[in-house]
Amino acid sequence: MKFKNTIVVTLTLVMFLSCATNPFTGKKTLAFVSNTELFPTAFAQYNQVLTESKVETGTSRADMIKRVGQRIAVAAERWLNANGQEGYLSDYKWEYNLIDEDIVNAWCMPGGKIVFYTGILPVAENESAVAAIMGHEVAHALANHGQQRMSAGMIQQGLSVAGNVALANDEKKLGIFNQSYGVVSNVGGMLPFSRSHETEADRIGLYLTAIAGYNPDEAANLWRRMAEASGGEAPPEFLSTHPANQTRIDNLTALAPAAKAEAKKFGVSSFRPLGKY
């Protein structure tokens, strides 16, 4: 019992000392790995992806990805500066690339390295939807979601080790623990944690999209097209890393007026045309 208490106290202390502050919410977040460690690794992985992929350059759609990315980055800096976070982006190295591959996906690595795949463009249909995707992915990086997921994974592994140590002398209980821990910790912990990140990135991304001059109403339309493109093939929400499509559509629709109001604070009272391509 004394040993188990020591583990609990140690984990609590480590979590307390290994926190960062989310610049958008002001809440404390897990940060077992610092950005000074994380960013160089992310940059190296990004370069590796580009080396192994067919990067599209010099086309109108490749130029569009860069243009939208730059506008979202400017919007992020304006928002952060206005909210007392000057210099927050000083270590970010923005880069925007389009990879010619039929994958319906886009991502932003910690530190601002972004990839869009050509397979997502037919679903996006227009530049405003690309901005909504870009805003969402950039929001993940700005809110340090990658850092938090790594930290949560460390806790999950640490608790697994602690459980095995604590139950080492009871083979029956140890077997039950090992059979159930992975499922319980994922369904009850890691998956809801991931879904909360997606919801937070939707909100932050929608604000950035609007501040960048793109109509935030298009985000919900984008997810209607995403839902149609998926053909209804998706796991139940509680077994997914992402909220259900309809949940996202409802949330984005409800958030759009607040995003427009936020954009007005930065002098944006009208939005660019959808920019079909």
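List of remarks:
- A count restricted to segment 82-116 and to residues that are under 17 Å from the mean Cα position of the chain (by Cα), aliphatic (A, V, I, L, M) and more than 17 Å from H136 (Cβ to Cβ) stands at 1.
- Any chance T10 is open to solvent by 30 Å² or more (accessible area, probe 1.4 Å) and modelled with pLDDT under 65: yes
- Residue count, segment 242-254 (criterion: open to solvent by less than 40 Å² (accessible area, probe 1.4 Å) and modelled with pLDDT of 90 or more): 2
- Unique residue being hydrophobic (A, V, I, L, M, F, W, C) and modelled with pLDDT of 70 or more when the list is L206, L191, L239: L206
- Residue match in segment 76-83 (condition: among the acidic types (D, E), out of contact with any strand residue (DSSP E or B) (no Cβ under 6 Å at 6 or more places or on another chain) and either at pLDDT below 95 or open to solvent by less than 30 Å² (accessible area, probe 1.4 Å) (or both)): no
- Taking residues in segment 209-220 that are on the phi < 0 side of the Ramachandran plot, and partners anywhere that are part of a loop (DSSP other than H, G, I, E, B) and open to solvent by 10 Å² or more (accessible area, probe 1.4 Å), the pairs with Cβ atoms closer than 7 Å and at least 6 places apart or on different chains are A210/V268; I211/F266; I211/V268; Y214/F271; Y214/R272; N215/F271; E218/L274.
- Any hit, segment 92-104, residues being open to solvent by less than 20 Å² (accessible area, probe 1.4 Å) and hydrophobic (A, V, I, L, M, F, W, C): yes
- If only residues of segment 46-60 that are in a helix (DSSP H, G or I) and among the β-branched types (V, I, T) are counted, the one that is most open to solvent (accessible area, probe 1.4 Å) is T51.
- All positions within segment 29-45 that are open to solvent by 70 Å² or more (accessible area, probe 1.4 Å) and touching a residue at least 12 places away in the same chain (Cβ under 8 Å): T36, Q45
The values are calculated or read from the model by the stated rules, or taken from the named source; none is laboratory data. Because the structure is a prediction, the values reported are computed rather than measured. For neighbour counting, all protein chains shown are included, and Cβ atoms are generated from backbone atoms with ideal geometry for every residue, glycine included. Just the protein is used for accessible areas: all its heavy atoms, side chains included, with ligands, DNA and RNA removed. Shrake-Rupley method; radii C 1.70, N 1.55, O 1.52, S 1.80 Å.
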